[in-house]
Amino acid sequence: MRDVVRQTRTHLMEVFEKHGFHPRHDLGQNFLIDLNLISFIVEVADLEPDDVVLEVGAGTGSMTAFLSLRAGDVVSVEIDPRMYALAKDAVEGRDNVTLLHCDALKNKNNFAPEVMAVLREKLAVSPNRRLKLVANLPYCIATPVMSNLMASDLPWTQMISTIQWELADKMRSQVGEDGYGALAVMMQAQGRVKILKKLGPTVFWPRPTVDSAIVRVYRDTKLQDKIDDRDFFHDFVRRVFSHRRKHLRSVLIGMYSQHLEKAEVDDLLKPFGFIDGARAETMEPDILVRVSNAFKAGLDAKAKDAS
């Protein structure tokens, strides 16, 4: 087995020059070159032999190789054929690494089937296995990767990722702050979000034009258990925040006009005490969970009566 290559700016420039290509901006290829930060990410992931790691954006395979030293299995995904070839060489001989050459996403709301199949296969090795996302996520796919993992039925426990600072700030935003929206609600209704470090452009090559962050999201099963139907909840939150400044009552009447009368919407909202005037952007995640549960139950009851 080869030693782990320590990814530095000089090393990367030499590799790219040798192979005659350049990083692709359209794929968000900004490589983390601060060795201390790479070590920090691996350390805070607290990897153990029962852990299956999902890495999206293998790049040159440097972090992939580091992850393989501690995790039971690493499933790393790389869409760029040039990077895939470099990563394949970097992890050669590491039997606990599965390197996939594909798009990690089928669409914005679903992982690619081949990614899900491999993850399920690795997780099935033992009932004690758990999933962690550990990645330097390309900016362009960070939101769907993290939100899709949270929405999935996979036994994930935490996500440790480098992402754009603005996105990290939105995930932790509170009611009344500009960034508070559907993403913050979905994350905070099911987990605990913490920004571990703010990163300037100089720790990447090529340098991005914005700051980044290392963010950690812990899964909180007690919070998730309060959600009656997570698919319904995710759809509910996205839709009510698409009209975040409109009164919630009006939004819900429009959303469910084919299924509920105005009076029925009012009846479902009455226990919360905000029939008039309230907006989604003024509500804490736990309140939106309860409203979502109420509407799911109301719609189910209406459908049952109609059948």
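The values are calculated or read from the model by the stated rules, or taken from the named source; none is laboratory data. Bear in mind the structure is a predicted one, so any value in this text is a computation, not a measurement. Cβ coordinates were reconstructed from backbone atoms using ideal geometry, including for glycine residues, and neighbour counts include every protein chain displayed.
If we scan the range 62-74, do we find a residue that is surrounded by fewer than 20 Cβ atoms within 10 Å (Cβ to Cβ) and either acidic (D, E) or out of contact with any His (no Cβ under 6 Å at 6 or more places or on another chain) (or both)? Walk me through it before giving the result.
First pass over the range 62-74, keeping only residues surrounded by fewer than 20 Cβ atoms within 10 Å (Cβ to Cβ): 69-70.
Narrowing further to those that are either acidic (D, E) or out of contact with any His (no Cβ under 6 Å at 6 or more places or on another chain) (or both): 69-70.
Yes, the range 62-74 contains a residue that is surrounded by fewer than 20 Cβ atoms within 10 Å (Cβ to Cβ) and either acidic (D, E) or out of contact with any His (no Cβ under 6 Å at 6 or more places or on another chain) (or both).
Quickly run through the range 168-213 and pick out the residues that are part of a loop (DSSP other than H, G, I, E, B), charged (D, E, K, R) and in contact with a Phe, Trp or Tyr (Cβ under 7 Å, 6 or more places away or on another chain).
Within the range 168-213, the subset part of a loop (DSSP other than H, G, I, E, B) is 173-181, 189-190, 200, 206-211.
With charged (D, E, K, R) added as a condition, the list becomes 177-178, 207, 211.
Correct list: D211 only.
Would you mind stating whether Q158 is assigned by TED's automatic domain parsing to the domain that holds F66 and free of Cβ contacts under 8 Å to residues at least 40 places away in the same chain?
On the way: assigned by TED's automatic domain parsing to the domain that holds F66: yes; free of Cβ contacts under 8 Å to residues at least 40 places away in the same chain: no.
Judged against the criteria, Q158 is not a match.
Scan the range 237-259 for residues that are free of Cβ contacts under 8 Å to residues at least 60 places away in the same chain, crowded, with 18+ Cβ neighbours inside 10 Å and closer than 19 Å to A189 by Cβ and jot them down.
V237, V240, L248, V251, L252, M255
Would you confirm whether any residue within the range 136-153 is outside any helix (DSSP H, G or I) and in contact with a Ser or Thr (Cβ under 7 Å, 6 or more places away or on another chain)?
So in the range 136-153, the residues outside any helix (DSSP H, G or I) come out as 136-138, 152-153.
With in contact with a Ser or Thr (Cβ under 7 Å, 6 or more places away or on another chain) added as a condition, the list becomes 136-137.
Checked the range 136-153: at least one residue is outside any helix (DSSP H, G or I) and in contact with a Ser or Thr (Cβ under 7 Å, 6 or more places away or on another chain).
So how many residues does the range 37-58 have that are surrounded by fewer than 17 Cβ atoms within 10 Å (Cβ to Cβ) and in contact with a helix residue (DSSP H, G or I) (Cβ under 9 Å, 6 or more places away or on another chain)? Break it down into steps so the answer makes sense when it comes.
In the first step, residues of the range 37-58 are kept if they are surrounded by fewer than 17 Cβ atoms within 10 Å (Cβ to Cβ); the result is 39-40, 43-44, 46, 48-50.
Still in the list and also in contact with a helix residue (DSSP H, G or I) (Cβ under 9 Å, 6 or more places away or on another chain): 39.
Going through the range 37-58 one residue at a time, the tally reaches 1.
Given the residues L131, L99, L86, which is the only one that is of a type in the set (A, V, I, L, M, F, W, C), in the same structural domain as K198 (by TED's automatic domain parsing), touching a Ser or Thr at 6+ places or on another chain (Cβ under 6 Å) and part of a strand (DSSP E or B)? Can you show your working first?
Working: L131 fails: touching a Ser or Thr at 6+ places or on another chain (Cβ under 6 Å); L86 fails: part of a strand (DSSP E or B).
Within the list L131, L99, L86, the selection yields L99.
Suppose we keep only residues that are in contact with a strand residue (DSSP E or B) (Cβ under 8 Å, 6 or more places away or on another chain) and more than 26 Å from R130 (Cβ to Cβ) within the range 209-221. Which one would you say is surrounded by the fewest Cβ atoms within 10 Å (Cβ to Cβ)?
Ranking the qualifying residues of the range 209-221, first place goes to V210.
Collect the residues in the range 255-268 that are assigned to a helix (DSSP H, G or I) and more than 31 Å from the chain's Cα centre (by Cα), keeping them in residue-number order.
Start the filter on the range 255-268 by keeping residues that are assigned to a helix (DSSP H, G or I), which leaves 255, 262-268.
Listed by number, the residues that qualify are K262, A263, E264, V265, D266, D267, L268.
Let's see how each residue does on (1) under 24 Å from L183 (Cβ atoms); (2) β-branched (V, I, T); (3) surrounded by fewer than 16 Cβ atoms within 10 Å (Cβ to Cβ):
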{"site": "T60", "(1), (2), (3)": "no, yes, no"}
{"site": "A90", "(1), (2), (3)": "no, no, no"}
{"site": "G93", "(1), (2), (3)": "no, no, yes"}
{"site": "V97", "(1), (2), (3)": "no, yes, no"}
{"site": "L100", "(1), (2), (3)": "no, no, no"}
{"site": "F111", "(1), (2), (3)": "yes, no, no"}
{"site": "N128", "(1), (2), (3)": "no, no, yes"}
{"site": "L131", "(1), (2), (3)": "yes, no, no"}
{"site": "Y139", "(1), (2), (3)": "yes, no, no"}
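Working only within the range 14-34, note down all residues that are assigned to a helix (DSSP H, G or I) and surrounded by 13 or more Cβ atoms within 10 Å (Cβ to Cβ). Before you say what the answer is, go through the steps one by one.
In the first step, residues of the range 14-34 are kept if they are assigned to a helix (DSSP H, G or I); the result is 14-19, 25-27.
Once the filter is applied, which keeps residues that are assigned to a helix (DSSP H, G or I) and surrounded by 13 or more Cβ atoms within 10 Å (Cβ to Cβ), the range 14-34 yields V15, F16, L27.
Going by the conditions given, is V53 part of a strand (DSSP E or B) and free of Cβ contacts under 8 Å to residues at least 60 places away in the same chain?
Details: part of a strand (DSSP E or B): yes; free of Cβ contacts under 8 Å to residues at least 60 places away in the same chain: no.
Against the criterion (part of a strand (DSSP E or B) and free of Cβ contacts under 8 Å to residues at least 60 places away in the same chain), V53 does not qualify.
Take the residues in the range 279-304 that are in a helix (DSSP H, G or I), under 24 Å from the mean Cα position of the chain (by Cα) and not β-branched (V, I, T), then tell me which one is farthest from D229 (Cα to Cα).
Result: E281.
Would you point out the residue of the range 165-185, among those that are in contact (Cβ under 8 Å) with a residue 12 or more places away in the chain and either aromatic (F, W, Y) or farther than 19 Å from I214 by Cα (or both), that is surrounded by the fewest Cβ atoms within 10 Å (Cβ to Cβ)? So that I can check it myself, show each step before the final result.
Just the residues of the range 165-185 that are in contact (Cβ under 8 Å) with a residue 12 or more places away in the chain, to begin with: 165-172, 175-176, 179-185.
Going one step further and asking which of them are either aromatic (F, W, Y) or farther than 19 Å from I214 by Cα (or both), we end up with 165, 175-176, 180-182, 185.
Numbers: W165: 17, V175: 13, G176: 8, Y180: 23, G181: 19, A182: 20, V185: 29.
Within the range 165-185, the match that is surrounded by the fewest Cβ atoms within 10 Å (Cβ to Cβ) is G176.
For the range 106-114, state whether one or more residues are touching a His at 6+ places or on another chain (Cβ under 8 Å), under 16 Å from L54 (Cα atoms) and either part of a helix (DSSP H, G or I) or in contact (Cβ under 8 Å) with a residue 12 or more places away in the chain (or both). It would help to see each step written out before you state the result.
Pass one, the range 106-114, residues touching a His at 6+ places or on another chain (Cβ under 8 Å): none.
Among the residues of the range 106-114, not one is touching a His at 6+ places or on another chain (Cβ under 8 Å), under 16 Å from L54 (Cα atoms) and either part of a helix (DSSP H, G or I) or in contact (Cβ under 8 Å) with a residue 12 or more places away in the chain (or both), which makes the answer no.
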